[in-house]
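Just below is one structure, and these are the notes that go with it.
The values are calculated or read from the model by the stated rules, or taken from the named source; none is laboratory data. Just so you know, these numbers come straight off a predicted model, no measurement behind them. Cβ sites come from the backbone with ideal geometry, for glycine too, and all protein chains shown count toward neighbours.
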Amino acid sequence: MIFDEIEHAEKLLNEGFKDFISWYNLLILSKYFRKKGKKDSEIKKEIISFYKKYANYNEILFDKKIDDAIRKSKKWKLKISLDIYITQGELEKIRKLKNYRYERICFVMLAIARYNKVSYENKSQRYFINMNFLKILSLAKVYATKKERDVIKRDLHQKGMIVVPEPGRRTKEQKLETQELLYIDEDSNKEILINDWNNILKDFNPLCLDCGKEIHEFYKKRNQLCTECYEKKRLEDIRSNMSKYRNK
Ligand SMILES: [Zn+2]
């Protein structure tokens, strides 16, 4: 997913491309040149001269594609990197899951849904996410098999975090999986700022399941406990094992 199309366009212009430019990239370039104040004919000239630098320009194949992208670029605004906040109320709902994998997934879904909502100036109160679940998991750095993914999705439905919207809402993007997010709280205080879209989870650390303290170094075998609580639990386990042994 591209969160900053200006950055993306400039990178593409600097580094070039191999073999062909996708239609999506043509659209971003059109939007980019339009933002620079160029007219349709100038945008086309820019794109063609860029194209010729890296591949054979075939008018029959590409002319219509470019015209198409230029026409569409009038309607769609260039997406830029935006500051997105997650509120305190939303975080509370996410933290209630008490499972850092699930929390990460919900955090990332909300960040993306809000990003799209702001960048498309969507005024609706409802939040939707149209994205392949596998893609969401990879942004949340959660690795799961197909079977595990189904379990995660089912759990998040059961816990009331997401819901598949009514069929009428799905017709437009049938190929993508649409989910509605049910843990929105726009009115509470802004708590976490997301502005590094290559590292969405930067300020979202796990919380200790015992004391609720933020854990900065996460070890899987500690079962989401902070160092102190993990040590305490380990000693308790040793003690209870010893007393079991003594009572035998
Ligand atoms: Zn703790």
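Laid out as a table, the results:
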| read-out | value |
| --- | --- |
| Boolean, residue 179 is farther than 29 Å from residue 221 by Cα and not in a loop (DSSP other than H, G, I, E, B) | yes |
| Sole residue being modelled with pLDDT under 95, touching a Pro at 6+ places or on another chain (Cβ under 9 Å) and under 27 Å from residue 134 (Cβ atoms), chosen from 174, 179 | 179 |
| Whichever residue in segment 21-41 is modelled with pLDDT under 90 and exposed (fewer than 15 other Cβ atoms within 10 Å of the Cβ) and, among such residues, is nearest to the chain's Cα centre (by Cα) | 24 |
| Test for residue 163: is it under 22 Å from the mean Cα position of the chain (by Cα) and either outside the structural domain of residue 111 (by TED's automatic domain parsing) or surrounded by fewer than 16 Cβ atoms within 10 Å (Cβ to Cβ) (or both) | yes |
| The listed residue being more than 8 Å from the ligand (Cβ to nearest atom), surrounded by fewer than 14 Cβ atoms within 10 Å (Cβ to Cβ) and either outside the structural domain of residue 95 (by TED's automatic domain parsing) or of a type in the set (Phe, Trp, Tyr) (or both), out of 233, 220 | 220 |
| Residue pairs meeting the criteria (Cβ under 7 Å; at least 6 apart or on separate chains; first assigned to a helix (DSSP H, G or I), in segment 204-222; second modelled with pLDDT of 90 or more and within 13 Å of the ligand (Cβ to nearest atom)) | 222/230 |
| Meets criteria (out of contact with any helix residue (DSSP H, G or I) (no Cβ under 9 Å at 6 or more places or on another chain), within 20 Å of residue 180 (Cβ to Cβ) and hydroxyl-bearing (Ser, Thr, Tyr)) for residue 100 | no |
| Test result for residue 57, under 30 Å from residue 204 (Cβ atoms) and among the aromatic types (Phe, Trp, Tyr) | no |
| Answer residue from segment 114-143, given it is within 16 Å of residue 201 (Cβ to Cβ) and of a type in the set (Gly, Ala, Ser) and is surrounded by the most Cβ atoms within 10 Å (Cβ to Cβ) among those | 140 |
| Residues of segment 182-217 satisfying the condition of being within 16 Å of the ligand (Cβ to nearest atom), at pLDDT 90 or above and not β-branched (Val, Ile, Thr) | 205, 206, 207, 208, 209, 210, 211, 212, 213, 214 |
| Helices (runs of 4 or more DSSP H) (entirely within segment 1-65) containing at least 3 residues that are within 25 Å of residue 130 (Cα to Cα) | 5-15, 23-35 |
